[in-house]
Amino acid sequence: MTGETLQPGRNLQITGEIWQSKRNLHMPGKTDRKKLLEVKNLKVSFGERRHKTVVVNDVSFDIYKGETFGLVGESGSGKTTIGRAIIRINPTMSGDIIFDGKKINGTISRELDREVTRKIQMIFQDPMASLNERAKVDYIISEGLYNTKQKYSKEEKKQMVDKVLQDVGLLSEFASRFPHEFSGGQRQRIGIARALIMQPEFIIADEPISALDVSIRAQVLNLLSGLQKKRNLTYLFIAHDLSVMRFIADRVAVIHKGVLVELGETEKLYARPLHPYTQALLSAIPMPDPKAEKKKVLKVYDPSLHDYSVHKPKWVEIEDHHFVLCNEPELEKYRKNQKLYD
Amino acid sequence: MEKEIVLSVKNLNVKFKLRGRALHAIRDISLDVYKGESLAIVGESGSGKSVFTKAFMGLLDKNGYIESGEILYKGQNLAAFKTEREWQSIRGREIAMVLQDPMTSLNPLKTIGAQIGEAIQLHQGLKGKDLKAAVLEILRDVGITEPERRYKQYPHEFSGGMRQRVVIAIGIACRPRTLICDEPTTALDVTIQAQILELLKSLKKKYQLTTLYITHDLGVVANVADRIAVMYAGDIVEIGSCEEIFYDPRHPYTWALLSSLPQLGVKGEELYTIKGTPPNLFQTIKGDAYAPRNPRALKIDFVERPPYFEVSPTHRVRSWLMDSRAPKVDPPEHIKKLRSQGGIYR
């Protein structure tokens with residue numbers, strides 16, 4: 001490959017200034033990070049026998065406590081399926097999902113199931129479709145509490161609902177209203193409150209802002225990062241929009257057709273993407289800068305450029321905490337490209 | 001070069017009757033659209049951007065009506081049109097629309113070929129083999145591979161991006177002069193979004209279209225727009241060339257919209273958000289509609305509606321900040337940074 005493959009990195013440099021992070025990654029030193037969730041060789045399939053399709057194929061990653069882990073891919077790439085497999089909605093075909101040291105996929109004990117149900121919560125994509133239209137807000141938010149062993153009195157529940165409503169920036173009198181009385185941004189806040197009331201440790205946010213207006217997006221993103229600091233939450237943030245990822249995620253994994261192709265710390269991945277698919281995704285980010293936009297070269301990813309007939313691709317750690325899917329000859333090439341970036 | 005005006009809107013007021021009250025959706029907008037340009041109309045949901053363009057095509061809901069003002073198109077006043085027959089001479093033939101959601105705007109019971117053919121048959125009177133050939137050509141134009149096979153397929157066999165291409169194909173099938181794209185990429189993935197925008201640009205060149213983009217995302221339009229109009233509460237608060245809006249925005253609302261883009265955010269810091277909610281359009285708005293949400297609002301903003309101030313011949317702003325008597329207000333940091341990127345422009 002020639003220098004041309006480095007286009008995305010160069011493109012971003014045009015507007016490099018606004019991209020720069022003022023913060024050093026807030027993660028503690030790499031050695032003392034605790035793994036909260038481990039996904040090992042996960043496979044998920046839909047359909048029976050002849051109609052069987054594997055939608056998530058051999059995916060492995062770890063999520064550390066307190067970080068925001070981003071999962072990016074196009075629609076149909078299996079990113080939501082991974083999220084749903086972790087929260088035990090979709091059964092897994094093979095592989096392990098380990099949460100806090102315990103295996104949580106497949107058959108597990110009742111107690112563990114309860115614990116996991118409380119500790120892992122999900123925020124859904126479309127706030128217009130994910131709230132029960134016929135229930136009042138206080139019921140929608142407190143519904144999860146009915147499923148725990150612990151019994152709460154009416155008074156306790158009311159207090160808890162009030163508290164989370166405040167936490168997400170809504171008024172406590174909203175508890176007696178119906179979802180249709182709220183705007184999209186407010187509904188998404190209700191969706192977040194519903195997850196928070198369970199006092200989770202880990203939240204899966206499945207495209208929480210893609211259905212919202214730009215101005216509302218900023219509010220919800222701020223809310224999510226504020227809550228993370230306050231409650232020491234860990235997020236799995238699923239999105240198709242890389243520009244949002246850059247803002248919120250500490251590490252990003254890129255998924256294409258059910259297979260992870262690259263994983264790395266956000267800044268590094270954006271500055272020096274190695275896999276051509278990551279480069280294509282980065283080149284598609286719309287920039288609020290007409291000059292950079294007019295110079296932009298749109299890259300289209302063509303999977304046929306990989307020749308995997310002789311050498312099978314492997315998931316390689318090319319440098320510290322930077323993984324990429326490639327075979328032997330490609331690895332050489334990527335190593336060379338990496339030097340070009342320096 | 002003298003620019004030819006295709007569409008001229010003069011003091012347009014659109015209202016909706018709702019439960020006996022009138023909602024003032026478009027408040028006195030004047031706008032000229034030049035031939036062959038691409039104009040982006042940007043605003044939050046509820047700002048009236050869709051209603052504004054629907055008024056050009058007679059597609060307002062039943063309870064909506066044009067209260068006053070003119071829409072001049074080729075010497076005709078569209079605002080005075082009453083019958084469907086009059087509108088049909090404009091719709092599709094002169095002005096066509098690409099609708100927002102490709103998942104719901106196609107008929108699931110008809111093949112793609114039949115749906116595109118319908119428009120061509122109606123407008124160009126083609127039949128049989130000629131019709132099919134014309135449809136295949138348009139399918140090729142919008143970048144659908146294997147048009148022969150795709151022709152016979154139903155919408156559910158297409159992905160989101162491909163459906164959006166089909167919707168665009170239907171839009172250009174009638175060979176319109178002006179194409180209105182209502183949030184053409186909102187429902188799509190980032191990669192597909194970029195491809196669709198490229199497609200629209202190339203079609204614009206090929207068919208010499210005048211295009212109007214409606215979107216809520218300022219980040220998207222930098223690539224495609226020649227001019228940008230920023231709408232707030234049924235009014236255009238700032239209009240200028242693409243460079244002027246991005247590198248030298250003057251209205252506080254435009255500042256706020258730009259600052260809240262995650263692309264400009266710095267990790268670990270709060271993103272800028274616009275406080276409060278858009279005004280209630282049932283009530284008459286006194287002064288500047290954005291004033292209650294504007295941390296830099298002046299006293300006069302609450303008293304009188306600002307007129308347009310001219311920054312350059314192409315750049316107009318409705319804000320009292322531009323008045324010579326107003327105190328000098330510095331734009332926020334983000335905007336200054338954008339300005340410095342303008343480099344040669346400034």
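The values are calculated or read from the model by the stated rules, or taken from the named source; none is laboratory data. Note that the coordinates shown come from a computational prediction; the quantities given were computed from them, not determined experimentally. All Cβ positions, even for glycine, are placed from backbone atoms using ideal geometry, and neighbour counts span all protein chains on display.
Going through the range A:167-181 one residue at a time, which ones are in contact (Cβ under 8 Å) with a residue 40 or more places away in the chain, among the hydrophobic types (A, V, I, L, M, F, W, C) and in contact with a helix residue (DSSP H, G or I) (Cβ under 7 Å, 6 or more places away or on another chain)?
Residue satisfying the conditions is A:Val168 alone.
Being within 14 Å of another protein chain (Cβ to nearest Cβ), of a type outside the set (Lys, Arg) and in contact with an Asp or Glu (Cβ under 7 Å, 6 or more places away or on another chain) is the requirement here; does B:Val230 meet it? Yes.
Whether any residue in the range A:209-222 is within 10 Å of another protein chain (Cβ to nearest Cβ) and touching a His at 6+ places or on another chain (Cβ under 6 Å) is what I want to check.
First pass over the range A:209-222, keeping only residues within 10 Å of another protein chain (Cβ to nearest Cβ): A:209-222.
Checking which are touching a His at 6+ places or on another chain (Cβ under 6 Å) leaves us with A:213-214.
Yes - at least one qualifying residue is present in the range A:209-222.
Going residue by residue through the range A:199-214, is there one that turns out to be within 27 Å of B:Thr254 (Cα to Cα), β-branched (Val, Ile, Thr) and crowded, with 21+ Cβ neighbours inside 10 Å? The answer is yes, given that some residue of the range A:199-214 is within 27 Å of B:Thr254 (Cα to Cα), β-branched (Val, Ile, Thr) and crowded, with 21+ Cβ neighbours inside 10 Å.
The set of residues in the range B:291-341 that are within 14 Å of chain A (Cβ to nearest Cβ) and over 18 Å from B:Phe246 (Cβ atoms) comprises B:Arg293, B:Asn294. Read through the list (1) of a type in the set (A, V, I, L, M); (2) touching a residue at least 12 places away in the same chain (Cβ under 8 Å); (3) within 30 Å of B:His156 (Cα to Cα), then give the number of the only condition that B:Leu72 fails. B:Leu72 satisfies every listed condition except (3). Remark: pairs (first residue in the range A:212-237, under 23 Å from A:Gly73 (Cα atoms); second residue in a helix (DSSP H, G or I) and among the polar types (S, T, N, Q); Cβ separation under 7 Å; 6+ apart in sequence or on different chains) = A:Leu212/A:Gln188; A:Val220/A:Gln188; A:Tyr235/A:Gln228. Among the residues of the range A:73-111, those identified as assigned to a helix (DSSP H, G or I) and either of a type outside the set (S, T, N, Q) or in contact with a helix residue (DSSP H, G or I) (Cβ under 6 Å, 6 or more places away or on another chain) (or both) are A:Lys79, A:Ile82, A:Gly83, A:Arg84, A:Ala85, A:Ile86, A:Arg110, A:Glu111.
Of the candidates A:Thr107, A:Thr148, the single residue that is modelled with pLDDT under 90, among the hydroxyl-bearing types (Ser, Thr, Tyr), closer than 30 Å to A:Glu48 by Cα and surrounded by fewer than 15 Cβ atoms within 10 Å (Cβ to Cβ) is A:Thr107.
Scanning the range B:78-106 for residues that are in a loop (DSSP other than H, G, I, E, B) and either under 19 Å from B:Glu183 (Cα atoms) or touching a Gly at 6+ places or on another chain (Cβ under 9 Å) (or both) yields B:Phe81, B:Ile90, B:Gly92, B:Leu99, B:Gln100, B:Asp101, B:Pro102, B:Met103, B:Thr104, B:Ser105, B:Leu106. Within the range B:256-290, being closer than 13 Å to A:Arg217 by Cα, in a loop (DSSP other than H, G, I, E, B) and within 7 Å of chain A (Cβ to nearest Cβ) holds for B:Ser260, B:Leu261, B:Gly265, B:Glu270, B:Leu271, B:Tyr272, B:Thr273, B:Ile274. In the range A:298-335, the residue that is nearest to the other protein chains (Cβ to nearest Cβ) out of those that are within 30 Å of A:Val214 (Cβ to Cβ) and surrounded by fewer than 17 Cβ atoms within 10 Å (Cβ to Cβ) is A:Leu298. The residues on offer are B:Leu257, B:Leu281, and the sole one that is surrounded by 20 or more Cβ atoms within 10 Å (Cβ to Cβ) and within 24 Å of A:Ile285 (Cβ to Cβ) is B:Leu257. Residue count for the range A:253-269, restricted to those that are in contact with a Ser or Thr (Cβ under 9 Å, 6 or more places away or on another chain) and within 14 Å of chain B (Cβ to nearest Cβ): 8.
Looking at B:Ala119, B:Ala114, B:Ala133, can you tell me which residue is out of contact with any Leu (no Cβ under 8 Å at 6 or more places or on another chain) and exposed (fewer than 14 other Cβ atoms within 10 Å of the Cβ)? Reasoning before the result, please.
Numbers: B:Ala119 fails: exposed (fewer than 14 other Cβ atoms within 10 Å of the Cβ); B:Ala114 fails: exposed (fewer than 14 other Cβ atoms within 10 Å of the Cβ).
Just one listed residue meets the conditions, B:Ala133.
Select from the range B:23-63 the residues that are part of a loop (DSSP other than H, G, I, E, B) and over 26 Å from B:Asn223 (Cα atoms) and list them in ascending order.
Hits for the range B:23-63 are B:Gly58, B:Leu59, B:Leu60, B:Asp61, B:Lys62, B:Asn63.
Inspect the range A:11-30 for any residue being modelled with pLDDT of 75 or more, at negative phi and surrounded by fewer than 17 Cβ atoms within 10 Å (Cβ to Cβ) and give the result as yes or no. Within the range A:11-30 (the criterion being modelled with pLDDT of 75 or more, at negative phi and surrounded by fewer than 17 Cβ atoms within 10 Å (Cβ to Cβ)), the answer is no, since none of the residues qualifies. Restricted to strands (runs of 3 or more DSSP E) entirely inside the range B:161-248, those with at least 2 residues that are modelled with pLDDT of 90 or more and more than 13 Å from the chain's Cα centre (by Cα) are B:235-241.
What's the number of the only condition in (1) away from chain B (no Cβ under 14 Å); (2) under 21 Å from A:Asp62 (Cα atoms); (3) in a helix (DSSP H, G or I) that A:Ile190 fails to meet? All conditions are met except number (2).
Quick grid of which residues meet (1) touching a residue at least 40 places away in the same chain (Cβ under 8 Å); (2) within 11 Å of another protein chain (Cβ to nearest Cβ); (3) out of contact with any strand residue (DSSP E or B) (no Cβ under 7 Å at 6 or more places or on another chain):
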site	(1), (2), (3)
A:Arg246	yes, yes, yes
A:Asp250	yes, yes, no
A:Ala271	yes, no, yes
A:His275	yes, no, no
A:Pro288	no, yes, yes
A:Lys296	yes, yes, yes
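If you go through the range B:184-212 and keep only what is among the polar types (S, T, N, Q), more than 24 Å from A:Gly76 (Cα to Cα) and within 14 Å of another protein chain (Cβ to nearest Cβ), you end up with just B:Ser202. Do we find that A:Ser210 is of a type outside the set (A, V, I, L, M, F, W, C) and outside any loop (DSSP other than H, G, I, E, B) in this structure? Against the criterion (of a type outside the set (A, V, I, L, M, F, W, C) and outside any loop (DSSP other than H, G, I, E, B)), A:Ser210 does not qualify.
Under the condition of being of a type in the set (Lys, Arg) and in contact with a helix residue (DSSP H, G or I) (Cβ under 9 Å, 6 or more places away or on another chain), the residues counted in the range B:52-94 number 2.
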